[in-house]
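So the structure is just underneath, and the comments pick up after that.
The values are calculated or read from the model by the stated rules, or taken from the named source; none is laboratory data. As the structure is a prediction and not an experimental result, all values here were calculated from the model. FYI the Cβ positions are ideal-geometry reconstructions off the backbone, even for glycines, and counts take in every protein chain you see.
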Amino acid sequence: MKKLFVMLTATCLILTSCGDDDSNGPSVSDLTLSIDGLEDLGSDFAYEGWVIVDGSPVSTGTFTVDGSGNLSSSTFEVASADLEAATMFVLSIEPVPDSDPAPAATKILAGAFDGGSANLATSTVGSNFESAAGKYIIAAPTGTGASEEEFSGIWFLDNSSGSAVAGLDLPELSAGWKYEGWVVIDGTPVTTGTFTDVSSADEAAPFSGTNGGPSYPGEDFLNNAPAGLTFPTDLRGKTAVISIEPDPDNSAAPFTLKPLAGMIPATLSGNPYSIDNNVSGSFPTGSVSR
């Protein structure tokens, strides 16, 4: 019996097939991200990658981004069979902690694999942002009409025909996103409200006066000034911005996606004014390789 035990033990050592061994588990391969333009999400959210395999999402792992745009990790191990069969890569924004194993609705980048790589774009947010355009007026219709209020409001509408119509030409957003207007006043971005419909009033009016405002996105900066600012103010020479915000949103600052941005003229010669397309200057780009 001792000889038989020794022989079995020797055979086990040679074949490495006795007992537990992880070498027979599924093989893994590297997925590498190369993305510019992502922003720090803070401690409440993280980015998560997904590959789409037979129509179903398979997580490739989470990562964060620091204030300089550096990814905490750019290479992830994924089951080789899943990576080879994947048809698309998707990047989502997930809560931390995250109790839902499925991707959140807030998907910021995606791309279809062509061989070993996929070019990523914001098609999951919406499409045709390159043609986004906008107009706005500088006026304070919710105020008292006092001279100091004259340049203290911005409304994203076009009244050049004599009747107000929507001033923003923006594509419909996917679930998980909302538009938000801003004016940067002395270095401080101040919201004009979030919205999804360019032809309706936005969702809040924290700074406006007591009179009714136009039924379009916008704000009068007359009351409840944030710390360091004084209302009424003068918006001439300030910067107007339309951003795309995650929903839910944990930050009081504009998100990285800013399809429209531009300086309000220092000298106003009559409404309306145009706001510039800013897609090339603010939207993240990148690729993924397998």
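Residues are listed down the side, and each one gets a yes or a no for (1) exposed (fewer than 15 other Cβ atoms within 10 Å of the Cβ); (2) out of contact with any Phe, Trp or Tyr (no Cβ under 9 Å at 6 or more places or on another chain):
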position	(1), (2)
168	no, no
175	yes, yes
181	no, no
189	no, no
192	no, no
203	yes, no
208	no, no
212	yes, yes
216	no, no
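Residue-by-condition table, conditions (1) touching a Leu at 6+ places or on another chain (Cβ under 6 Å); (2) closer than 20 Å to residue 93 by Cα; (3) at pLDDT 70 or above:
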residue: 11; (1), (2), (3): no, no, no
residue: 30; (1), (2), (3): no, no, yes
residue: 34; (1), (2), (3): no, yes, yes
residue: 50; (1), (2), (3): no, yes, yes
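Out of curiosity, is residue 252 among the small types (Gly, Ala, Ser) and over 30 Å from residue 147 (Cβ atoms)? Explain how you work it out, then say what you get.
On the way: among the small types (Gly, Ala, Ser): yes; over 30 Å from residue 147 (Cβ atoms): yes.
Yes, satisfied.
Looking at residue 120, is it out of contact with any Lys or Arg (no Cβ under 8 Å at 6 or more places or on another chain) and among the hydrophobic types (A, V, I, L, M, F, W, C)?
Details: out of contact with any Lys or Arg (no Cβ under 8 Å at 6 or more places or on another chain): yes; among the hydrophobic types (A, V, I, L, M, F, W, C): yes.
In short, yes.
Would you please list the contacts, defined by Cβ atoms under 8 Å and residues six or more apart or on different chains, that run from a residue in the stretch 230-249 that is on the phi > 0 side of the Ramachandran plot to a residue that is assigned to a loop (DSSP other than H, G, I, E, B)?
Going by the 8 Å Cβ cut-off, the qualifying pairs are 237/264; 237/265; 237/266.
Is it the case, given these coordinates, that residue 219 is among the charged types (D, E, K, R) and under 29 Å from residue 35 (Cβ atoms)? Walk me through how you get there before you give the answer.
Values: among the charged types (D, E, K, R): yes; under 29 Å from residue 35 (Cβ atoms): no.
In short, no.
Which members of the stretch 253-290 meet the condition of being out of contact with any strand residue (DSSP E or B) (no Cβ under 7 Å at 6 or more places or on another chain), without any contact (Cβ under 8 Å) to a residue 60 or more places away in the chain and assigned to a loop (DSSP other than H, G, I, E, B)?
266, 267, 269, 270
Residue 116: modelled with pLDDT of 95 or more and more than 30 Å from residue 214 (Cβ to Cβ), yes or no? Outline the logic, then answer.
Values: modelled with pLDDT of 95 or more: yes; more than 30 Å from residue 214 (Cβ to Cβ): yes.
Considered against the rule, which asks whether it is modelled with pLDDT of 95 or more and more than 30 Å from residue 214 (Cβ to Cβ), residue 116 comes out as yes.
Only one of (1) within 30 Å of residue 85 (Cα to Cα); (2) in the same structural domain as residue 242 (by TED's automatic domain parsing) fails for residue 113. Which number is that?
(2)
Looking at 234, 276, can you tell me which residue is over 25 Å from the mean Cα position of the chain (by Cα), at pLDDT 95 or above and assigned by TED's automatic domain parsing to the domain that holds residue 169? Can you show your working first?
Numbers: 276 fails: over 25 Å from the mean Cα position of the chain (by Cα).
From the options 234, 276, the qualifying one is 234.
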